[in-house]
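The values are calculated or read from the model by the stated rules, or taken from the named source; none is laboratory data. Since we're looking at a predicted model, the values are computed, not measured. With ideal geometry, Cβ positions are generated from the backbone for all residues, glycine too; neighbour counts draw on all protein chains shown. Surface areas here come from the heavy atoms of the whole protein model, side chains and all, with no ligands, DNA or RNA. Shrake-Rupley method; radii C 1.70, N 1.55, O 1.52, S 1.80 Å.
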Number of protein chains: 4
Amino acid sequence: MPVRLIECVVSTDEMAEIFSDRSVLDAMLRFEVGLARAQARLGLIPAGAAESIAIAANPEQFDGSLIAREARASATPVVALVDMLTARVHTISPNDAVFVHRGATSQDVADTALVLLLRRAGDALARDHERLTGALRALSERHAGAVMVARTLLQPAQPTTFGYKIAGSLASIERSWNAARAAIVDAVQLQFGGPAGTLSAYAHGLALAEALGRELGLPVPPAPWHTHRDRLAAAVASCGIYGGSLGKLARDLALLMQFEVAEVSEPGGRSSSMPHKRNPAGAVVAQASVARIPGLVGTYLSLMVQEHERAAGNWQAEWQTVADVVTATGSALAAVADAVDHLEVHADRMRANLELALSDATPDANVGAAESLRRRLLDEGAR
Amino acid sequence: MPVRLIECVVSTDEMAEIFSDRSVLDAMLRFEVGLARAQARLGLIPAGAAESIAIAANPEQFDGSLIAREARASATPVVALVDMLTARVHTISPNDAVFVHRGATSQDVADTALVLLLRRAGDALARDHERLTGALRALSERHAGAVMVARTLLQPAQPTTFGYKIAGSLASIERSWNAARAAIVDAVQLQFGGPAGTLSAYAHGLALAEALGRELGLPVPPAPWHTHRDRLAAAVASCGIYGGSLGKLARDLALLMQFEVAEVSEPGGRSSSMPHKRNPAGAVVAQASVARIPGLVGTYLSLMVQEHERAAGNWQAEWQTVADVVTATGSALAAVADAVDHLEVHADRMRANLELALSDATPDANVGAAESLRRRLLDEGAR
Amino acid sequence: MPVRLIECVVSTDEMAEIFSDRSVLDAMLRFEVGLARAQARLGLIPAGAAESIAIAANPEQFDGSLIAREARASATPVVALVDMLTARVHTISPNDAVFVHRGATSQDVADTALVLLLRRAGDALARDHERLTGALRALSERHAGAVMVARTLLQPAQPTTFGYKIAGSLASIERSWNAARAAIVDAVQLQFGGPAGTLSAYAHGLALAEALGRELGLPVPPAPWHTHRDRLAAAVASCGIYGGSLGKLARDLALLMQFEVAEVSEPGGRSSSMPHKRNPAGAVVAQASVARIPGLVGTYLSLMVQEHERAAGNWQAEWQTVADVVTATGSALAAVADAVDHLEVHADRMRANLELALSDATPDANVGAAESLRRRLLDEGAR
Amino acid sequence: MPVRLIECVVSTDEMAEIFSDRSVLDAMLRFEVGLARAQARLGLIPAGAAESIAIAANPEQFDGSLIAREARASATPVVALVDMLTARVHTISPNDAVFVHRGATSQDVADTALVLLLRRAGDALARDHERLTGALRALSERHAGAVMVARTLLQPAQPTTFGYKIAGSLASIERSWNAARAAIVDAVQLQFGGPAGTLSAYAHGLALAEALGRELGLPVPPAPWHTHRDRLAAAVASCGIYGGSLGKLARDLALLMQFEVAEVSEPGGRSSSMPHKRNPAGAVVAQASVARIPGLVGTYLSLMVQEHERAAGNWQAEWQTVADVVTATGSALAAVADAVDHLEVHADRMRANLELALSDATPDANVGAAESLRRRLLDEGAR
């Protein structure tokens, strides 16, 4: 699933795939199949019905575009999806059609699908995060002794080292990721409550919830969370913080790559008009992606005010908002990881710039102080 | 071009088409063809080269996904697009390949493509706006005498009329649209400046700009606006204000449709679990769409801080942000227009609610005051 | 009225004064006095009552803190204000107390007070804007021939001139201001509608509105705009766009002031730890102020969705939000104006950096192209 | 310290006091005194100097307004504060003046002051949170059997109970607070690094940091966090999530208080025009306060992109932004707590509305399902 051209700089194919129609369909249908199987297991519907539903629920056979279009008439894609699934089950086994989606509500399907996608996205982010932090750790070690000028308000302040500078970003990126990872894991919980969030359609609602959770590999919270979005909000906001940590590093790299500074370089980016110009493409893509996130997080937080047992608008705006935040985070992460992977460090230029800026400085006298702090940061991350 | 499932409630097929890969490719290639033709007209390149470029620039023959993927390496889709176009021209006429994209910069292409898409979107919005305001005007006239309770802080205040209430929203929607329309028109200007924004690649840069403007039907500003985004910002922000006016009406309709209030209804929205339930689907879709906009406008404004002659991130984040704002606006507008088109008004219930809430009120005594204000509002809009 | 320490970098004394308790009290009391006088003029209340109210309405005699505290119990400061004013009138002339605030609603007072403050703020911004654009125009003229490197993605692109660069920002700042000025003027309209926005408390409501408008020097709109906030939204958003244009210039100056670039300098900013360091204080203060605005504009837009005839929350959040946007805009403007006023331009360093970065360039060949665009921009602004 | 009139609905006296000039001065001066005492303890400066500094550092003797005004010239209030403190020490003991602020940087002072204020705010929030959750828990228990209609998309769905509905909000508010409390505690860490964040001015920088941490009762992180704001960002974002949970409850209460629904009421809010009208003042104040937060959180996240070792703008914008988020959170919390404390619940009306809306429902059959979920939620919170 490729990214669309309009979002080419702020998405990746991997993120586009995770939020593609096929993935969304697959996740929603997994809920319906899981529900039927759990109900069959508890003897609430015939086992054959669950199998008919499982056979019918082949995402390849559903037209996402059609469902998307029909979604506007009911403010949810689930009505059309359930209609289509029911029709397909009817073709396979007419008597089983009545067992589709039994007792569930559209939000059960949509929210559970969303957390299933979020889980995939979390795993994808984890992989790139490992790549990035591995590279940053190596970079920090390699340049532990590379003295350079510390800059405050974009002016020379005092000597520092590149190894310590990188360690600062590494530590922030690790802390932010640990929090984001935990928040994502915590948000990935089954949504299952039926129309009023009371599980009232079922004699043994909680047992069914547990069985459904097992089918989908999802923890079951104490109660449905239809209009209580704090766990998802924490996942979304933590991506914003992680993105902020990535953005800080990307900004620093772009500034260090300025021709007049030239302390690092990306082998990368071509220009359409000047073939020999080298652009800091990774840092630019990362900053562009990060720049999209804060407004989206603000949007998500504003959506938390959801009326009664299902919101009239604020819930329905969530899907794309969550997808956008996660996508931009993944895009920023991949770009920073690529930039760091290929970063060229010009330690001699660092020293030369330092000597020009702070002619009285005795840079090597500062290596010790910076180095002990650098080690503390790396140790913190290693714990 | 269908909307993606993930955005099914906050987009429309029409908006999805306007920002589809094909449309984006078409707009970018129109720039390249227009540039070549303008250069040929001024004798700067051979006329045959311009025609080779025009033949090669068939959007159907370009792979948007491939360009999107390569965009990350240069932080712009234009490098890959120009490469592909050059290769295609080379196949047609090897000598003409050197005339592709001559003297232009990637931002010239991307920004001009963006305003071409924005122009299309503006026209699409205009059509739905006419539909909505026509319906609102008729609604206001039809129910000029329908007394109802005015509610402040969601509590009964005094009598008013439904006709006046609708006229208030109509006037706000008309004012907001007039401003949005003007801002969009003002933002649709040629971007053409070359790598440094100085048109320095051309002996007669301004004449070429004028010729290119004529090719594309775009006004030519006094100078390129590469890092000066105020006109686009005004278009984006004005969509936010228009969206706010739409959202206010949608919220009111959703509140009036509450079972306990029941003063209006949408024939619409089905539920996946309760077949006989009627949901205010249009009002919900509209509110969901509107809820996305303020954060995106905030994002756009934050992107205005663009470094020097091309930003390192803030510009590159614009494409999707502009597309998202316009898409959400179009989605909200279509949903409100649909809801108003089919709105059922229960004037008897309005009067009954009023009498219950304000037993001392003499509602009909208030019709006159509300009616004179209603007429003033409608007259304002008609001017 | 001084700024609070917590907001020291993002406000100015002038803006703090405009939104001070005294100013707010004065504006609200002007409404009450204006209303009484207009009613007396139309013979609706005794002339003596209007004078008693005018005497009682001395802002110095009202305790803003007390009113602020009591505001929470009624979700508006107007209830307490009217109580206090009534009590004071009663002391002066017991029979006149019943004529206080007659037929008005709290939102009439609060909104009219807000636009009166906004008008003052607009005038204050206008003065600093004139100072800034005068200085920018002079700067652009003075350095029309100062060649320098144009930078895209923070990398050297081609030659340009400092005069042209400044003209680009000047033009954007002028366009943004013209739009902001017009939007502020358009938003400054009387709010007057009574509890339901129908003027139903008055036999001749529109005549009274006109008389009140004359008292306060405010235009009277066709109807009250209690929950229709598009005009105020346009004023707020236009400050966001103006702020964006200012932020772009401030960012450029901060980048040009980097030690390694050193093409301009501010004589300004001291450091607490390094006495001889020179910080780009104006550019920093401006960027800090600008950074606050986009989120606040987003907030304002989200507040536009206001229920029925008075919102249950979104309206009440407006006062501080509008004040914050205007204050941050004024702070950014003053800081940029100060920085530009005292800016030192190092044209020799510009040329030297250019020659280093683009050794093949023939800079003076570019002066002509940049100069003709510069002139067009200055002419645009002069129109 | 009273709230300003302009922010009367979205702040409280308690929050205003925490971010008042006196509190800010006190916090900054505590840093300077703590630093001197820690240095004296390690024998780095004379003990007498530390005491001179402690005597001089009386917040009552500093003029916050003057410092605020001077802050604009250096983009920080610390330069003026240190100047004034130095002058005062000089008066007390001329030789000791050189020991003021030794080796520290302005950001050490400002950030440490900020976290000291944040700690106070966290304690204040904790008190109101306990009050609110105690009241909610009691409310949920008291109305465990109060059947009512569950509403989805503002339409009747199925029966539920008021006790379960309240338990859902209680659980979300408790989860959000636990996260916010932990994030605030985690963010309250000493900032101490000197001009380059390397502690290079000190032979035993880390020992001094530990000593200073003990003086101020603050944990010492592995290294200074000048441009790594993830911990503060987590505190700010978690307030946004907590605010969202509060806003959801406030919205529900305002909707339930509608005249046509009338299932709960606040004894509260007066109207300036209609003496007998009862407004949902607490719910309105809460919603107004909550509405301010998402945009501010977005702003904070965007500020995380901080250049090198001190940002040129994004850091300086933080003080007011953090204060605004915390203030709005405290304001929302106090308002919700007040509303819930005095809430009147009309169980008979709940049942009557349910019977009207869902005439076929057998409400009491649903009590069991809702009750078992309610108990699970309360048990979750009690853990």
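Taking θ as phi - 60°, what are the ³J(HN,Hα) couplings along the stretch C:305-322 by the Karplus curve (6.51, -1.76, 1.60), each to the nearest whole Hz, with x for Gly and Pro?
3J(HN,Hα) across the stretch C:305-322, in whole Hz: 7, 10, 6, 6, 9, 6, 6, 9, x, 5, 6, 5, 7, 6, 3, 5, 5, 4.
Let me confirm one metric for peptide C:164-173, namely the mean number of other chain beta-carbon atoms within 10 Å of its residues' beta-carbons.
Mean shielding count: 4.
Any idea what diffusion coefficient chain D gets from Stokes-Einstein, in µm²/s, Kirkwood Rh on alpha carbon pairs, 25 °C, 0.890 mPa s?
Reported coefficient: 106 µm²/s.
Give me the inter-chain shielding for B:60-73: mean count of other chain Cβ atoms within 10 Å, whole number please.
Mean number of neighbouring Cβ atoms from other chains: 5.
Quick one: how many lysine pairs in the protein assembly as shown have C-alpha atoms under 26 angstrom apart, if they're 8 or more apart or on different chains?
18
Among D:351-357, D:210-216, how do they line up by average Cβ neighbours within 10 Å per residue, starting with the highest?
D:210-216, D:351-357
Per-residue HN-Hα couplings for the stretch A:130-139, Karplus 6.51 cos²θ - 1.76 cosθ + 1.60 at θ = phi - 60°, whole Hz, x for Gly and Pro?
Taking θ as phi minus 60°, the curve returns 4, 4, 5, 5, x, 5, 5, 4, 4, 5 Hz for the stretch A:130-139.
Taking each pair of distinct Cα atoms in the stretch D:154-268 once, what is the resulting Kirkwood hydrodynamic radius in Å?
For the stretch D:154-268, the Kirkwood estimate is 17.8 Å.
Calculate what fraction, in whole %, of the accessible area of the stretch C:170-303 sits on carbon and sulfur atoms when a 1.4 Å probe is rolled over the protein chains.
57
Compute the Cα gyration tensor for the stretch C:168-233, then decide on rounded, prolate or oblate, letting a ≥ b ≥ c be the square roots of its eigenvalues: rounded whenever a/c is under 1.5, prolate when a/b is larger than b/c in the other cases, and oblate in all that remain.
prolate
Which residues in the stretch D:140-157 place their backbone N less than 19 Å from a point set 7 Å from the Cα of D:Ser372 along the Cα-to-Cβ direction?
D:144-147
Applying the Karplus parametrisation 6.51 cos²θ - 1.76 cosθ + 1.60 with θ = phi - 60° to the phi angles of the stretch B:231-238, what ³J(HN,Hα) value in whole Hz is obtained for each residue in order, glycine and proline being reported as x?
Each residue's phi maps through the Karplus curve to give 5, 5, 4, 5, 5, 5, 5, 5 Hz.
Provide the per residue accessible area, probe 1.4 Å, for the stretch B:114-178, rounded to a whole number of square angstrom.
About 24 Å² of surface per residue is accessible.
State, as an integer percentage, the relative contact order of chain C based on alpha-carbon contacts under 8 Å between residues 6 or more apart.
Over chain C, the number comes to 21 percent.
Estimate the FRET efficiency between B:Leu42 and A:Asp348 by the formula 1/(1 + (r/R0)^6), using the beta-carbon distance for r and 51 Å for R0, to the nearest 0.05.
According to the calculation, E is roughly 0.55.
For the stretch A:98-207, what Kirkwood radius comes out of the mean inverse Cα-Cα distance, in Å?
Hydrodynamic radius (Kirkwood, Cα only) of the stretch A:98-207 equals 17.9 Å.
Tell me the net charge near C:Ile67. Cut-off is 10 Å between Cβ atoms, C:Ile67 excluded, with +1 for each Lys or Arg and -1 for each Asp or Glu.
Local charge sum for C:Ile67: -3.
Mind listing the long-range amide H neighbours of A:Ala311? Cut-off is under 5 Å, sequence gap 5 or more, other chains count too, H placed in the peptide plane at 1.01 Å from N.
D:Leu153
Could you work out the local net charge near D:Pro363, counting Lys and Arg as +1, Asp and Glu as -1, over the other residues with Cβ closer than 12 Å to its Cβ?
My count for the surroundings of D:Pro363 gives -2.
Once all Cα-Cα distances of the stretch B:281-372 are split into 10 Å bins that start at 0, what whole-number percent is in each one?
All Cα pairs considered, the percentages come to 14, 24, 19, 20, 13, 8, 2.
Sort largest first and round to whole Å: the equivalent ellipsoid semi-axes of the stretch C:79-151, each the square root of five times a Cα gyration tensor eigenvalue.
54, 12, 8
Does the protein assembly as shown come out rounded, prolate or oblate, given a ≥ b ≥ c as the square roots of the eigenvalues of its C-alpha gyration tensor, rounded meaning a/c under 1.5 and, failing that, prolate meaning a/b above b/c?
Since a/c stays below 1.5, the shape of the protein assembly as shown is classed as rounded.
How are the Cα pair distances of the stretch A:1-134 distributed, in percent, across 10 Å bins from 0?
12, 37, 30, 15, 6, 0
Show me, bin by bin at 5 Å from 0, the whole-percent P(r) of the stretch A:44-87 based on Cα pairs.
Distribution as computed: 5, 22, 26, 20, 13, 9, 4 percent.
What does the buried accessible surface come to for B and D, summed over both chains, with the probe at 1.4 Å? Round to 100 Å².
Buried area between the two chains comes out at roughly 2200 Å².
By the gyration tensor of its Cα atoms, with a ≥ b ≥ c the square roots of the eigenvalues, what is the shape of the stretch B:63-108: rounded for a/c under 1.5, prolate for a/b over b/c, or oblate?
Oblate is the answer for the stretch B:63-108, as a/c is 1.5 or above yet b/c matches or exceeds a/b.
How high is the relative contact order of the stretch C:183-236, in percent, counting Cα pairs under 8 Å that sit 6 or more residues apart?
About 55 percent, as a whole number.
Could you grab the relative contact order for the stretch A:245-383? Cα pairs under 8 Å, six or more apart, rounded to a whole percent.
Rounded, it is 27 percent for the stretch A:245-383.
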